[in-house]
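Here the structure is laid out as structure tokens; the discussion comes afterwards.
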There are 2 protein chains.
Amino acid sequence: MASIGYYTPTKVLFGKEAENQVGEVLKAEGATKVLVHFGAGSVKKSGLLDRVEARIKEAGIDFIELGGVVPNPRVSLVRKGIEMYRDEGCDYILSVGGGSVLDSAKAIGYGVFGGGDVWDFYCGKRMPEGIAPIGCILTLSATGSEMSDSSVITNDETDPVYKRGCNTDFGRVKFSLLNPELTYTVSEYQTASGAVDIMMHTLERFFHSGHGLDFTDDLACTLLKEVMKWTPVALYKPDDYDARANLMWCGTLSHNGLMATGNATKGDWACHQIEHELSAEYDVAHGAGLAAIWGSWARYVLDTDRERFVKLGEGVFGESDPIKAIEKFEAFFKSINMPITIQGLGLDFDEAACRTAARGVTFQDARTIGDFKVLNTEDVFNIYMMASGLK
Amino acid sequence: MASIGYYTPTKVLFGKEAENQVGEVLKAEGATKVLVHFGAGSVKKSGLLDRVEARIKEAGIDFIELGGVVPNPRVSLVRKGIEMYRDEGCDYILSVGGGSVLDSAKAIGYGVFGGGDVWDFYCGKRMPEGIAPIGCILTLSATGSEMSDSSVITNDETDPVYKRGCNTDFGRVKFSLLNPELTYTVSEYQTASGAVDIMMHTLERFFHSGHGLDFTDDLACTLLKEVMKWTPVALYKPDDYDARANLMWCGTLSHNGLMATGNATKGDWACHQIEHELSAEYDVAHGAGLAAIWGSWARYVLDTDRERFVKLGEGVFGESDPIKAIEKFEAFFKSINMPITIQGLGLDFDEAACRTAARGVTFQDARTIGDFKVLNTEDVFNIYMMASGLK
């Protein structure tokens, strides 16, 4: 039986001024009219958008703008983007921003290519069979969308709102221009939340069922140590190139598939499902939500395979006691001002809220989650209770 | 200024029986007639070729065979392959074998696409502007050709013979099917030589001029430790899946560009140039030739930047004395029966031979080599003398 392979066709340009190559890259790609997609306006204020658009113009390429992407990006804006792309005759999408903007761009790309209701691809009704071509200029180290196969969209047209992901190789964008300097202005909170997100993409893969590849484990531990080494530096000195560069490349490699190659499965991913329920309903930062959950998940599943936790602890901390290793991860989260409980997110979760959220995660008992340990509604409820300090 | 980026479009399927997917992969690629390229016959004896060809047939795809590739693959066979591909109306090349077969396949691909004399692309007269589509079933962990941009060909039509490389992104093949089990039958000597080759692809990149990325350094040290951990296991128990799997993935990642990403340059590569002169003229195994050279190169260039050697020694061995770290690499080479001198290769090199070889490396004083430290003919002569125990 084959193991997890590796497929990362995205062309990455890395380093200072990488974004200035956007004109020539788009030209080489054959783009003639680009939908430039961005967020809340910080890329306007910083002058990045002007610079990027000047380069596109210099390359003789036309463009239109669609801003307004918010964290936990909304399907309503995606629908608008699909319409604009078609009405204006675009043939390329350029995402200028962080993972939310890029995820929104991917959704537009699926919608343009596939027709019909774009939400179908996220709620699992249809699988994409293609995507409009997309390039990316990254301004935040976190989601790894710049080389991953995934995008996550929130449906704000329903009550309750749903947050759902779509993972296919079509979601791997054509190119990503990664200039660490563009992340100098990222806030302390977003830097820390991004760091947790990066770590979790590796941790989710580390905990898998079946046989694994030792080298992949060691790469995972190396990446985790790297994030824990450089995040405090970036918080202390936001314009430290080395800190931002190492975090940026950690973010990309953490989620491009490298951290699962040779393993029997793509990993556990239960924490992501448990967190998505929080960020969909309460709009918390994804990384912070993951930090609030992980320790409780880890303690709950520990006995499934203690050796796996021993390997992680030894590889990252030289610590062979699993409980102490879990505590060391939590201590790191706390040291960068990330919560390690749901209360720490500013949410007042009682037993009823835990029950509702758990049923949301399993689609009202219609599915289980997890791979390292398969979890049903009761398990998820227990983890929410632990993370809320109620158990 | 941008740093080294990352571009690895090759689709990798990894694990047991990966090669059995060759039919469906070729079909998805749109292949209708495949040139199946292989080496000296071991893939026939093992039954691999029959199995692969049966899968191709099952997929409704036609094929022809071209075997006979030798280590340090020859341009004469490449010319024959180009002719066959054209005459028989092929539209895909499938390499079944190790790096030599794949390098030969890439050369055929360049020749088919580019027309004219294929040697032009290797002696630097022309750069390729495309390549015929190529897939690979790998049977040896060593060269990393399965995901790298490079191929190396030996011109046996000249006296002296030349060994030259051609590096372009076109050289990154469409797909690589990596089943570690296919390397169970690799001999002790080729396993060890391959391990050195793998390590050297990372070491050459580790030693670069200018600024670098800490994360990339740590990935490099992780990879080197992994090779040193699993090579003895593979030698002791050739059919140990974990040993073969870890070595195989190390071989791929060592040469796909990951180990230079974020650095100012692609690395030094002087040892490769110094070794190519040996394997072109005396047909020694590439990895063994590199082992025979590296320690002498390291001592010769040490004072260029001792800190770089300290970082390597600490990262790999926890050893901060550079000389001791170099000795530890040599001790590892010896432990797997690799030579650490030119005499150990079975060559009786005197001063005149060192002089001739050094002038061959610099194309008779027409170029320098190296990036960590730039070397002229006299430098290369000194390294050959050291490696021959004459200095």
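No lab work stands behind these numbers, since they all come straight from the coordinates. Computed from a predicted structure; not experimentally measured. A quick note on method: Cβ atoms are made from the backbone with ideal geometry, for glycine too, and the neighbour counts reach across all protein chains shown.
For residue A:70 and residue A:365 in one chain, what is 0.36 nm times their gap in residues minus the Cα-Cα distance, to one decimal in nm? Kindly include the intermediate steps, with their values, before the conclusion.
Values: separation 295, 0.36 × 295 = 106.20 nm, distance 3.03 nm.
Once the chain is fully extended between residue A:70 and residue A:365, it gains 103.2 nm.
Put simply, the amide H of residue A:93, placed in the peptide plane, has neighbours under 5 Å in A:35, A:134, A:135, leaving out anything fewer than 5 places away on its chain. Within the straight-line cut-off of under 17 Å between alpha carbons, the lysines reachable from residue A:266 are A:373, B:11, B:16, sequence neighbours fewer than 8 places apart in one chain being disregarded. Considering all C-alpha pairs of chain A, those separated by over 30 Å amount to 37%.
Distance between the C-alpha centres of the range A:144-211 and the range A:344-391: 22 Å, rounded to the whole angstrom. Rg and Dmax of the range A:29-91, both derived from C-alpha coordinates alone, stand at 12.3, 34 Å.
Rounded to the nearest Å, what's the spacing between the alpha carbon centres of the range B:103-120 and the range A:57-130? Just the number, please. That distance is 41 Å.
Grab the DSSP H runs of the protein assembly as shown that are 4 residues or longer, score each as -39,500 (n - 2.57), total them, divide by all residues and round the 222 nm result to the nearest 500 deg cm²/dmol.
Calculated at 222 nm, the ellipticity per residue is -15000 deg cm²/dmol.
Tilt of helix B:306-317 relative to the longest C-alpha principal axis of chain B, in degrees (0 to 90, nearest 10)? Once rounded, one gets 60 degrees.
For the protein assembly as shown, the convex hull drawn through the C-alpha positions has a volume of 157 cubic angstrom per residue. The same position residue B:365 in the other copies lies at 8.8 nm from this copy, comparing label points 7 Å beyond Cα toward the beta-carbon, shortest first. Within 10 Å of the Cβ of each residue in A:7-18, the mean number of Cβ atoms contributed by other protein chains is 6. Between B:265, B:356, B:154, the residue with the greatest mean-square fluctuation in the GNM of chain B (Cα pairs under 10 Å linked by springs) is B:356. Axis angle, to the nearest 10 degrees, between helix B:286-301 and the longest C-alpha principal axis of chain B: 30 degrees. In summary, the aspartates and glutamates within cross-link reach of residue A:106, defined as a Cα separation below 12 angstrom excluding same-chain residues under 8 places away, comprise A:146, A:149, A:169.
Farthest towards the positive end of the charge dipole of the range A:186-387, among the residues A:295, A:245, A:317, is the Cα of A:245, using unit charges on the Cβ of Lys, Arg, Asp and Glu.
Most mobile of A:115, A:267, A:97 per a Gaussian network model of chain A (Cα springs, under 10 Å)? Looking only at A:115, A:267, A:97, the largest GNM fluctuation is found for A:115. Partner aspartates and glutamates whose Cα lies under 16 Å from the Cα of residue A:237, excluding those fewer than 8 positions away in the same chain, are identified as A:181, A:188.
The dipole here belongs to the protein assembly as shown: it is taken about the Cα centre, uses +1 on the Cβ of Lys and Arg and -1 on the Cβ of Asp and Glu, and is about 280 debye. Only Cα pairs under 8 Å and at least 6 apart count here; give the relative contact order of chain B as a rounded whole percent. Answer for chain B is 15 percent. If you take the Cα centroid of the range B:267-311 and the Cα centroid of the range A:224-266, the two points sit 31 Å apart. Largest mean-square fluctuation among A:138, A:312, A:302, in a Gaussian network model of chain A whose springs join Cα atoms under 10 Å apart, belongs to A:302. Volume of the convex hull of the range A:171-249 (Cα atoms only), normalised per residue: 113 Å³. Global dimensions of the range B:186-387 from alpha-carbon coordinates: Rg and Dmax equal 16.1, 47 Å. For residue A:157, inter-copy separations between label points set 7 Å beyond Cα along the Cβ vector come to 6.5 nm, shortest first.
Please give the helix B:241-255 orientation as an angle from the longest Cα principal axis of chain B, in degrees from 0 to 90, rounded to the nearest 10. Roughly 80 degrees, rounded to the nearest 10.
Only the Cβ atoms of Lys and Arg (+1) and of Asp and Glu (-1) were treated as charged; on that basis the dipole of chain B about its Cα centre amounts to roughly 280 debye. Note on the range A:11-182: Cα-Cα pairs beyond 28 Å make up 14% of the total pair count.
Annotation for residue A:9, label-to-label distances across the other copies: 0.7 nm (shortest first, one decimal, point 7 Å from Cα along Cα→Cβ).
Taking only the C-alpha atoms of the range A:154-195, the Rg (one decimal) and the largest Cα-Cα distance, Dmax (whole number), read 15.5, 40 Å.
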